[in-house]
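The values are calculated or read from the model by the stated rules, or taken from the named source; none is laboratory data. Keep in mind the model is a prediction, meaning the values are calculated, not measured. Using ideal geometry, Cβ is built from the backbone for each residue, glycine included, and neighbour counts are taken over all protein chains shown. Accessible surface areas use protein heavy atoms only, side chains included; no ligands, DNA or RNA. Shrake-Rupley method; radii C 1.70, N 1.55, O 1.52, S 1.80 Å.
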Amino acid sequence: MADITIVEIAKRCGVGVSTVSRAINDHSDINPETKKRILEVIKETGYVPNNSARNLKRTDAKCIAVLVKGITNPFFTPMIQIAEQEAENRKYALVLRHVEAYEDELDVALELEKEKRLRGIIFMGGSSRHSSSKIKQLNVPVVFATIGSEVSEKLSKKEYSTVSVDDLLESRKMTEYLIGLGHKKIAILSEGSDKPSIVKLRLEGYLEALKENGLEINENLIRLVDKRIYSMENGYQTTKALIESGEEFSALYCISDVLAVGALRAFADAGIRVPEDVSVAGFDGQDISRFCVPRLTTVRQPLEEISKATMKLLFDIIDGESGHRHITFPGELIEGESTRRRS
């Protein structure tokens with residue numbers, strides 16, 4: 001067992017190498033049961049961590065971290081690919097870290113900073129509000145991508161950067177588009193988190209549009225996905241429950257394309273035609289929206305532009321060529337085949 005490696009430990013435990021590393025370093029951001037299993041395997045095999053290698057990683061002077069909350073959502077795939085390519089072009093190492101739903105991404109970042117000598121951190125997804133004290137504890141530039149422009153009410157905007165679309169505005173535009181098609185009873189698939197997030201911003205945009213157009217807000221048409229996970233399965237199950245509730249609606253707006261695709265299947269299984277019987281709209285403009293049947297009406301986020309701007313901004317700050325900035329890109333409403341004017 002003398003030649004056993006951390007990779008072998010990870011394989012035996014069915015986890016990633018980074019998870020094994022966090023267990024070894026006694027980090028808090030790991031499931032207790034997972035940590036216990038890893039430590040038991042380490043004990044059984046007699047594995048001895050290579051302190052030299054660990055210390056070498058910590059002193060890597062050209063390394064940035066990308067923390068992704070919601071990595072199972074395909075929305076982030078092209079952003080991660082661009083981040084990896086841009087980092088490689090600059091001869092930087094990139095540490096990609098998946099943040100679990102139960103984890104605070106800033107706590108994860110602070111732990112990661114202890115493990116590696118980072119030059120910068122990018123946050124993708126997650127909450128749109130964070131502890132100002134925790135942000136101040138980070139000793140490197142941080143850029144928040146796709147989560148809104150005001151990350152902390154108590155922190156000067158000169159202390160962090162953001163790159164995103166205006167989620168509230170774009171969501172309001174989508175709701176107004178559906179209203180313009182003659183829909184008065186518009187349901188929405190959202191999530192029930194109490195924390196500020198882009199999802200709450202999109203829900204606020206929906207509510208604002210209804211109020212401004214004098215339409216009644218029916219709480220029974222605001223449907224929250226289970227476990228706050230954006231998946232086709234959750235889109236399907238939440239829409240199925242909406243259909244079975246008997247509530248009347250002529251349009252369904254989903255705050256994510258992934259949820260919308262699940263909704264399309266739920267309508268098909270119920271014998272409800274889209275868009276003849278009900279209109280369906282999404283948000284994000286993911287590739288899947290162009291290939292599902294019918295093609296989805298959605299708000300396209302310019303992911304390539306957002307990703308490249310995020311990476312450029314971070315490197316400009318690292319190189320002292322720029323201070324912190326807040327960049328907002330416009331979304332684009334793409335009319336697909338899933339919506340139609342109500343007759």
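Data for the structure
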read-out	value
Rounded to whole Å, sorted largest first: equivalent-ellipsoid semi-axes of the chain, Cα gyration tensor	40, 24, 17
Rg/Rg_ref, the stretch 98-157, where Rg_ref = 2.2 N^0.38 Å and atoms are Cα	1.05
For the stretch 190-297: rounded, prolate or oblate by the Cα gyration tensor [a/c cutoff 1.5]	rounded
Sulfur and carbon atoms: percent of accessible area, the stretch 75-205 [1.4 Å]	47
Euclidean distance of C-alpha centroids, the stretch 3-40 and the stretch 237-287, integer Å	40
Most to least packed among 271-277, 140-146, 62-68, 334-340 [average Cβ atoms within 10 Å]	140-146, 62-68, 334-340, 271-277
Helix-derived mean residue ellipticity, 222 nm - over the chain, DSSP H n ≥ 4, -39500 (n - 2.57), to 500	-12500 deg cm²/dmol
DSSP beta bridge pairing in the chain, given as percent antiparallel to the nearest 5	10
The chain, relative contact order [Cα under 8 Å, separation at least 6], %	15
